[in-house]
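Here's the structure, in structure tokens; my notes come after.
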Amino acid sequence: MSNQKYDGNRKSNNKIPILFKSIFIGTIIFAIVYFAYYEISNFGFSHMQGHNMMNNRTVVVPKEEPTKTGSVLNENTLTVLTDKLSLERGNEIFNTNCAACHRVDAGGLIGPNLTDDYWINGGGMKNIVRVIANGVPEKGMLSWKAQLSPKQIQETASYIISLHGTNPANPKAPQGEKYTGN
Ligand code: HEC
């Protein structure tokens, strides 16, 4: 069976060398693992995420965050939380880490008033989360993504949103532009 003639050509039915076979199968396995790691799992950054990271004005948004490093935020992290427990946690984080510059009532001191309609970097959940995560280092606002988890950043930002319009005593004068979005 191993040697047949077709149109005068001899066809050999030799086995494919094991080395070639393993390279062939290896490339398939590599492709599956590569795709799963970068495009499906939460561990590798996908092409778009890598692209967004180059532009550090954009919050990096993987599908989920696997660690507590806080270096990644996702779409869920941009949802405003309104439940009591989350706001209490946000309040606690704020008093511990932020009140020194923004005051306990968020009326502003070194940092701006966070309860009024005026925002230097834009108001609303997305901007607030971005500023807390990345900071505005050249203006004295620290980046918190190494200290706070995405969840904690979300809780803190939600807490800040809950303070809107609370009119603290002795507020800092409005800074930035009036923000009308949400
Ligand atoms: C060392 C002082 C300091 C600390 C601590 C600090 N901030 Fe700030 N923060 C600032 C300054 C200064 C600015 C103004 C930045 C600018 O001019 O763009 C600011 C800006 C902000 C803004 C944007 C305000 C706007 O009008 O755009 C938010 C939101 C904010 N801080 C939240 C926080 C939170 C939450 C924490 C704690 C996790 C915190 N800050 C801790 C100094 C601080």
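The values are calculated or read from the model by the stated rules, or taken from the named source; none is laboratory data. Every value quoted in this text rests on a predicted model; they were computed, and no experiment measured them. We place every Cβ from the backbone using ideal geometry, glycine too, and count neighbours over all the protein chains shown. Calculation scope for accessible area: heavy atoms of the full protein, side chains included, ligands and nucleic acids excluded. Shrake-Rupley method; radii C 1.70, N 1.55, O 1.52, S 1.80 Å.
Shown for region 106-170 is the translational diffusion coefficient from the Stokes-Einstein equation, using the Kirkwood radius over Cα pairs, a temperature of 25 °C and a viscosity of 0.890 mPa s: 203 µm²/s. Measuring with a 1.4 angstrom probe and ignoring ligands and nucleic acids, residue 159 comes out at about 30 Å² accessible.
Projecting the Cα atoms of 121, 111, 136 onto the dipole axis of region 75-178, where Lys and Arg carry +1 and Asp and Glu carry -1 at the beta carbon, places 136 farthest toward the positive end. The local environment of residue 125, defined by Cβ-Cβ distances under 13 Å, has a net charge of 0 under the rule Lys, Arg +1 and Asp, Glu -1. Taking amide H as placed 1.01 Å from N in the peptide plane, residue 141 has its amide H under 5 Å from the amide H of 136, each at least 5 places away in sequence or on another chain. Amide H contacts for residue 111 (H built 1.01 Å from N in the peptide plane; partners 5 or more residues away or on another chain; cut-off under 5 Å): 102. Among residues other than residue 164 whose Cβ falls under 14 Å from its Cβ, what is the net charge (Lys/Arg +1, Asp/Glu -1)? Local net charge: -2.
The modelled label-to-label distance between residue 32 and residue 75, using points 7 Å beyond Cα along the C-beta direction, is 2.8 nm.
Between residue 180 and residue 19, the modelled label-to-label distance comes to 7.2 nm, taking each label 7 Å out from Cα in the direction of the beta carbon. When the alpha carbon coordinates of region 74-129 are projected onto the principal axes, the ranges are 30, 24, 17 Å, largest first. In the neighborhood of residue 89, defined by Cβ-to-Cβ distances under 12 Å, what is the net charge if each Lys or Arg adds +1 and each Asp or Glu adds -1? Summing Lys and Arg as +1 and Asp and Glu as -1 gives -2.
Counting only protein heavy atoms and using a 1.4 Å probe, the accessible area of residue 104 comes to about 90 Å².
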